[in-house]
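For reference, the structure discussed in these notes is given below.
The values are calculated or read from the model by the stated rules, or taken from the named source; none is laboratory data. Source: prediction; values computed, not measured. Here Cβ is always computed from backbone atoms with ideal geometry, including for glycine, and neighbour counts include all displayed protein chains.
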Amino acid sequence: MHSKKAPGQIEVICGSMFSGKTEELIRRLRRAQIAKQSVEIFKPSVDKRYSENEIVSHNEQKIPSTVVETAEQILLFSAEADVIGIDEAQFFDINLVEVCQKLADQGKRVIVAGLDTDFRGVPFEPIPQLLAIAEYITKTLAVCVKCGAPANRTQRISNKGERVLVGATDLYEARCRNCYEQPED
């Protein structure tokens, strides 16, 4: 007779900028801490907007995190954790998918937050691949800054063309489908 290990799971929180993804991630991680579960939290080194060693929501909620250069480093730092939180997942490469699979296969609860599309409205890897393997998916919506409707688009208000440009309200706005303006390439 073989022993049953605890079932792991992957949860993905996705949406546009300013939709509350990090806020929801922090809420779930705090609940796990209240439940006396061992929690490890990670963010990519490219995201230095609000803090070097915390994940911080746009409404200034924060929780300590470990900064990593690569998705593989998450495996090294999470051996003892029951729950793993990963913020700004779109800044990791496709290896994040395999890392999340390995963690969930070890019986861990993996909670990932990230943008599902970039400022051009194109799916933002590795989020689509994570959505395909996740047990639970939460799609968050922002509020359109133009008309107040539910917003699921990220409008870049800067002329810079590179795909990854880390910023906040200085570079981006939340927009609904009707108010979103497709950028010219």
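For this structure, a couple of remarks:
- Residue that is modelled with the lowest pLDDT [pool: residues in region 15-31 that are under 20 Å from residue 74 (Cα atoms) and in contact with an Asp or Glu (Cβ under 7 Å, 6 or more places away or on another chain)]: 22
- Within region 68-98, considering residues that are under 22 Å from residue 14 (Cβ atoms) and of a type in the set (Phe, Trp, Tyr), the one surrounded by the fewest Cβ atoms within 10 Å (Cβ to Cβ): 91
- Considered as a group, the residues in region 129-140 that are of a type outside the set (A, V, I, L, M, F, W, C) and under 12 Å from the mean Cα position of the chain (by Cα) include one that is surrounded by the fewest Cβ atoms within 10 Å (Cβ to Cβ), and that residue is 139.
- Positions within region 113-137 being farther than 24 Å from residue 173 by Cβ and outside any helix (DSSP H, G or I), in sequence order: 126, 134, 135, 136, 137
- When residue 41 is tested against (1) crowded, with 21+ Cβ neighbours inside 10 Å; (2) assigned to a helix (DSSP H, G or I), only condition (2) is not met.
- Every residue from region 72-89 that is without any contact (Cβ under 8 Å) to a residue 40 or more places away in the chain and over 22 Å from residue 7 (Cα atoms): 73
- Pair list, Cβ under 6 Å, 6 or more apart: region 95-121 residue polar (S, T, N, Q), other residue surrounded by fewer than 24 Cβ atoms within 10 Å (Cβ to Cβ) and not in a helix (DSSP H, G or I): 95/71; 117/123; 117/124
- Residue check for residue 52: of a type outside the set (Ser, Thr, Tyr), farther than 23 Å from residue 140 by Cβ and surrounded by fewer than 23 Cβ atoms within 10 Å (Cβ to Cβ): yes
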